[in-house]
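A short worksheet on the structure shown next.
The values are calculated or read from the model by the stated rules, or taken from the named source; none is laboratory data. This is a predicted model, so every value here is computed, not measured. No Cβ is skipped: glycine too gets one built from the backbone with ideal geometry, and neighbour counts run over all protein chains shown.
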Amino acid sequence: MANERRALRIDVLTLFPEVFGPFLASSILGIAERKALVSYHVHDIRDYSPDKHHKVDDRPYGGGPGMVMRCEPVFRCYEAVREMDRRPGRLILLTPQGRTFNQALARELSRCDRLILLCGHYEGFDERIQAGLPAEEISIGDYVLSGGEAAAMAVIDATVRLVPGVLGHEESAQSDSFENGLLEYPQYTRPPEFRGMKVPDVLLSGDHQAIEDWRREEARKRTESRRADLLERPRPPTETEDG
Ligand code: ADE
(Lines give C-alpha, C1' and ligand atoms only; values in the text may rest on other atoms or scores of the structure.)
Protein backbone atom coordinates (compact mmCIF):
# COMPACT_ATOMS: atom_id res chain seq x y z
CA MET A 1 0.00 0.00 0.00
CA ALA A 2 1.21 3.44 -0.93
CA ASN A 3 0.93 4.94 2.53
CA GLU A 4 2.93 2.22 4.26
CA ARG A 5 6.17 3.58 2.87
CA ARG A 6 7.79 6.75 4.11
CA ALA A 7 7.61 9.78 1.90
CA LEU A 8 10.39 10.09 -0.65
CA ARG A 9 12.59 12.98 0.48
CA ILE A 10 14.09 15.07 -2.31
CA ASP A 11 16.82 17.59 -1.52
CA VAL A 12 17.95 19.98 -4.24
CA LEU A 13 21.28 21.83 -3.97
CA THR A 14 21.33 24.81 -6.30
CA LEU A 15 22.50 28.38 -6.84
CA PHE A 16 18.98 29.28 -7.99
CA PRO A 17 16.55 28.01 -5.35
CA GLU A 18 13.89 30.49 -6.45
CA VAL A 19 13.22 28.66 -9.71
CA PHE A 20 11.93 25.55 -7.95
CA GLY A 21 9.06 27.02 -5.88
CA PRO A 22 6.16 27.19 -8.35
CA PHE A 23 7.36 24.13 -10.23
CA LEU A 24 7.32 21.87 -7.16
CA ALA A 25 3.99 23.28 -5.94
CA SER A 26 2.13 22.74 -9.23
CA SER A 27 0.18 19.87 -10.68
CA ILE A 28 1.22 16.29 -9.87
CA LEU A 29 4.36 17.33 -7.95
CA GLY A 30 2.34 19.59 -5.67
CA ILE A 31 -0.33 16.95 -5.15
CA ALA A 32 2.34 14.37 -4.29
CA GLU A 33 3.65 16.60 -1.53
CA ARG A 34 0.18 17.46 -0.24
CA LYS A 35 -0.58 13.73 -0.07
CA ALA A 36 2.63 13.38 1.99
CA LEU A 37 4.09 10.92 -0.52
CA VAL A 38 7.13 13.12 -1.15
CA SER A 39 8.79 16.12 0.50
CA TYR A 40 10.95 18.71 -1.25
CA HIS A 41 13.81 20.63 0.37
CA VAL A 42 15.62 23.22 -1.73
CA HIS A 43 18.98 24.54 -0.47
CA ASP A 44 21.02 27.50 -1.67
CA ILE A 45 24.66 26.45 -2.17
CA ARG A 46 25.67 30.09 -1.78
CA ASP A 47 24.65 29.95 1.90
CA TYR A 48 27.49 27.49 2.46
CA SER A 49 30.25 29.59 0.95
CA PRO A 50 32.93 30.37 3.55
CA ASP A 51 33.70 33.56 1.63
CA LYS A 52 32.33 36.85 2.95
CA HIS A 53 31.06 37.68 -0.55
CA HIS A 54 29.48 34.22 -0.86
CA LYS A 55 31.59 33.47 -3.87
CA VAL A 56 30.82 30.07 -5.35
CA ASP A 57 32.82 30.09 -8.59
CA ASP A 58 36.32 30.96 -9.74
CA ARG A 59 38.50 31.09 -12.86
CA PRO A 60 39.76 27.74 -14.18
CA TYR A 61 43.38 26.78 -13.47
CA GLY A 62 45.23 26.68 -16.78
CA GLY A 63 43.05 29.40 -18.24
CA GLY A 64 40.12 29.13 -20.59
CA PRO A 65 36.67 30.64 -20.80
CA GLY A 66 34.04 30.75 -18.08
CA MET A 67 34.04 30.02 -14.41
CA VAL A 68 34.18 26.79 -12.43
CA MET A 69 32.13 25.90 -9.36
CA ARG A 70 34.36 25.78 -6.28
CA CYS A 71 34.66 22.74 -4.03
CA GLU A 72 34.19 24.26 -0.62
CA PRO A 73 30.59 25.57 -0.84
CA VAL A 74 29.42 22.40 -2.57
CA PHE A 75 31.04 20.02 -0.05
CA ARG A 76 29.81 22.06 2.90
CA CYS A 77 26.29 22.27 1.50
CA TYR A 78 26.14 18.53 0.76
CA GLU A 79 27.53 17.59 4.18
CA ALA A 80 25.06 19.83 6.01
CA VAL A 81 22.09 18.62 3.96
CA ARG A 82 23.06 14.98 4.33
CA GLU A 83 22.82 15.37 8.11
CA MET A 84 19.29 16.78 7.91
CA ASP A 85 17.90 13.26 7.67
CA ARG A 86 19.02 9.85 8.92
CA ARG A 87 18.61 8.30 5.45
CA PRO A 88 21.81 8.72 3.44
CA GLY A 89 19.99 8.93 0.09
CA ARG A 90 21.32 8.74 -3.41
CA LEU A 91 23.40 11.72 -4.49
CA ILE A 92 22.92 12.72 -8.11
CA LEU A 93 24.97 15.29 -9.93
CA LEU A 94 23.28 16.79 -12.98
CA THR A 95 25.82 17.17 -15.73
CA PRO A 96 25.94 16.64 -19.51
CA GLN A 97 28.73 14.08 -18.90
CA GLY A 98 26.50 11.70 -16.95
CA ARG A 99 24.57 8.54 -17.72
CA THR A 100 21.55 9.39 -19.85
CA PHE A 101 18.31 9.59 -17.89
CA ASN A 102 15.41 7.42 -19.05
CA GLN A 103 12.16 5.87 -17.86
CA ALA A 104 13.87 2.81 -16.35
CA LEU A 105 16.11 5.06 -14.26
CA ALA A 106 13.10 7.17 -13.24
CA ARG A 107 11.41 4.00 -12.00
CA GLU A 108 14.52 2.99 -10.09
CA LEU A 109 14.74 6.43 -8.44
CA SER A 110 11.01 6.35 -7.57
CA ARG A 111 11.79 3.37 -5.30
CA CYS A 112 14.44 5.25 -3.29
CA ASP A 113 13.67 6.82 0.06
CA ARG A 114 15.83 9.88 -0.48
CA LEU A 115 17.40 11.69 -3.44
CA ILE A 116 19.88 14.55 -3.21
CA LEU A 117 20.18 16.42 -6.51
CA LEU A 118 23.16 18.66 -7.06
CA CYS A 119 22.80 21.24 -9.85
CA GLY A 120 25.90 22.63 -11.47
CA HIS A 121 26.33 26.03 -13.10
CA TYR A 122 28.99 27.97 -14.92
CA GLU A 123 31.41 25.95 -17.06
CA GLY A 124 31.19 22.99 -14.71
CA PHE A 125 32.24 21.60 -11.35
CA ASP A 126 35.77 21.48 -10.02
CA GLU A 127 36.68 17.85 -10.81
CA ARG A 128 37.31 17.16 -7.10
CA ILE A 129 33.57 17.47 -6.49
CA GLN A 130 32.93 14.36 -8.60
CA ALA A 131 36.02 12.67 -7.16
CA GLY A 132 35.31 13.44 -3.52
CA LEU A 133 31.55 13.05 -3.23
CA PRO A 134 29.68 9.75 -3.51
CA ALA A 135 27.75 11.01 -6.50
CA GLU A 136 26.43 9.45 -9.66
CA GLU A 137 26.27 11.71 -12.69
CA ILE A 138 23.08 11.98 -14.72
CA SER A 139 22.47 13.83 -17.98
CA ILE A 140 19.00 14.43 -19.41
CA GLY A 141 20.23 14.38 -23.01
CA ASP A 142 22.98 15.25 -25.43
CA TYR A 143 22.79 19.03 -25.24
CA VAL A 144 24.23 21.56 -22.83
CA LEU A 145 21.98 23.56 -20.52
CA SER A 146 23.26 26.65 -18.78
CA GLY A 147 22.70 24.88 -15.46
CA GLY A 148 21.48 21.68 -13.89
CA GLU A 149 18.20 23.17 -12.62
CA ALA A 150 16.05 22.30 -15.64
CA ALA A 151 17.63 18.83 -15.64
CA ALA A 152 16.83 18.36 -11.93
CA MET A 153 13.24 19.37 -12.63
CA ALA A 154 12.96 16.79 -15.40
CA VAL A 155 14.36 14.08 -13.11
CA ILE A 156 12.04 15.06 -10.25
CA ASP A 157 8.96 15.16 -12.48
CA ALA A 158 9.59 11.82 -14.18
CA THR A 159 10.43 10.18 -10.83
CA VAL A 160 7.69 11.54 -8.57
CA ARG A 161 4.83 10.59 -10.88
CA LEU A 162 5.97 6.97 -10.51
CA VAL A 163 5.91 6.99 -6.70
CA PRO A 164 3.06 4.65 -5.70
CA GLY A 165 -0.12 6.60 -4.90
CA VAL A 166 0.87 9.79 -6.72
CA LEU A 167 -1.15 9.25 -9.89
CA GLY A 168 -4.73 8.55 -8.90
CA HIS A 169 -4.81 5.91 -11.59
CA GLU A 170 -1.88 3.50 -11.22
CA GLU A 171 -2.60 2.22 -14.72
CA SER A 172 -2.02 5.63 -16.14
CA ALA A 173 1.76 5.40 -15.66
CA GLN A 174 1.77 1.83 -16.97
CA SER A 175 0.37 2.93 -20.34
CA ASP A 176 2.76 5.89 -20.68
CA SER A 177 5.25 5.97 -23.48
CA PHE A 178 8.38 3.88 -22.71
CA GLU A 179 6.84 1.96 -19.77
CA ASN A 180 6.25 -1.13 -21.91
CA GLY A 181 9.04 -0.39 -24.36
CA LEU A 182 6.61 1.32 -26.77
CA LEU A 183 5.41 4.84 -27.43
CA GLU A 184 1.91 5.59 -26.20
CA TYR A 185 -1.10 4.90 -28.42
CA PRO A 186 -3.16 7.90 -29.71
CA GLN A 187 -5.77 9.33 -27.33
CA TYR A 188 -8.99 11.22 -28.12
CA THR A 189 -11.69 12.98 -26.14
CA ARG A 190 -14.97 14.73 -27.05
CA PRO A 191 -16.22 15.82 -29.54
CA PRO A 192 -16.38 12.73 -31.81
CA GLU A 193 -15.66 14.97 -34.81
CA PHE A 194 -13.59 18.20 -34.87
CA ARG A 195 -13.04 20.19 -38.09
CA GLY A 196 -13.67 17.08 -40.15
CA MET A 197 -11.28 14.91 -38.10
CA LYS A 198 -13.06 11.88 -36.65
CA VAL A 199 -12.34 9.75 -33.62
CA PRO A 200 -11.66 6.17 -34.81
CA ASP A 201 -14.93 4.15 -34.71
CA VAL A 202 -13.44 1.39 -32.60
CA LEU A 203 -13.02 3.79 -29.65
CA LEU A 204 -16.76 4.54 -29.72
CA SER A 205 -17.72 0.86 -30.10
CA GLY A 206 -17.73 -0.11 -26.43
CA ASP A 207 -15.90 -3.34 -27.40
CA HIS A 208 -13.12 -3.45 -24.82
CA GLN A 209 -11.17 -6.25 -26.46
CA ALA A 210 -11.24 -4.50 -29.84
CA ILE A 211 -10.13 -1.24 -28.21
CA GLU A 212 -7.25 -2.93 -26.43
CA ASP A 213 -6.14 -4.66 -29.65
CA TRP A 214 -6.36 -1.39 -31.61
CA ARG A 215 -4.31 0.47 -29.01
CA ARG A 216 -1.60 -2.19 -28.91
CA GLU A 217 -1.34 -2.15 -32.69
CA GLU A 218 -1.28 1.67 -32.89
CA ALA A 219 1.44 1.81 -30.23
CA ARG A 220 3.50 -0.72 -32.19
CA LYS A 221 3.02 1.11 -35.51
CA ARG A 222 3.86 4.47 -33.99
CA THR A 223 6.97 3.09 -32.31
CA GLU A 224 8.08 1.41 -35.52
CA SER A 225 7.73 4.58 -37.57
CA ARG A 226 9.10 7.08 -35.02
CA ARG A 227 11.43 5.16 -32.71
CA ALA A 228 12.34 1.83 -34.26
CA ASP A 229 15.38 1.74 -31.94
CA LEU A 230 13.02 1.01 -29.02
CA LEU A 231 11.83 -2.23 -30.64
CA GLU A 232 15.38 -3.54 -30.71
CA ARG A 233 15.95 -3.08 -27.01
CA PRO A 234 15.12 -5.81 -24.48
CA ARG A 235 11.57 -5.24 -23.21
CA PRO A 236 11.56 -3.63 -19.73
CA PRO A 237 10.05 -5.86 -17.01
CA THR A 238 6.45 -5.11 -16.06
CA GLU A 239 5.57 -4.24 -12.45
CA THR A 240 4.39 -7.81 -11.77
CA GLU A 241 7.54 -9.34 -13.24
CA ASP A 242 9.99 -7.27 -11.27
CA GLY A 243 7.93 -7.12 -8.06
N1 ADE B 1 23.70 20.53 -17.04
C2 ADE B 1 23.96 21.11 -18.23
N3 ADE B 1 23.51 20.36 -19.24
C4 ADE B 1 22.94 19.25 -18.69
C5 ADE B 1 22.31 18.11 -19.21
N6 ADE B 1 22.17 17.90 -20.52
N7 ADE B 1 21.86 17.18 -18.34
C8 ADE B 1 22.02 17.35 -17.02
N9 ADE B 1 22.60 18.42 -16.46
C10 ADE B 1 23.07 19.37 -17.29
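The table for this structure:
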quantity: Helices (runs of 4 or more DSSP H) within segment 123-201 that include 3 or more residues within 16 Å of the ligand (Cβ to nearest atom), closer than 30 Å to Thr14 by Cα and in contact (Cβ under 8 Å) with a residue 12 or more places away in the chain; calculated: 149-160
quantity: All positions within segment 1-24 that are over 22 Å from Leu91 (Cβ atoms) and touching a Lys or Arg at 6+ places or on another chain (Cβ under 9 Å); calculated: Ala2, Asn3
quantity: Residue match in segment 69-88 (condition: modelled with pLDDT under 95 and not basic (Lys, Arg)); calculated: no
quantity: Flag for Ala106 being within 15 Å of the ligand (Cβ to nearest atom) and either of a type in the set (A, V, I, L, M, F, W, C) or not in a strand (DSSP E or B) (or both); calculated: yes
quantity: Exclusive hit being farther than 30 Å from Glu83 by Cβ and buried (at least 20 other Cβ atoms within 10 Å of the Cβ), set Leu183, Leu109; calculated: Leu183
quantity: Number of the condition not met by Leu115 [criteria: (1) within 16 Å of the ligand (Cβ to nearest atom); (2) farther than 20 Å from Ala131 by Cβ; (3) not in a strand (DSSP E or B)]; calculated: (3)
quantity: Filter result (more than 16 Å from the ligand (Cβ to nearest atom), exposed (fewer than 14 other Cβ atoms within 10 Å of the Cβ) and touching a residue at least 24 places away in the same chain (Cβ under 8 Å)) within segment 65-83; calculated: Ala80
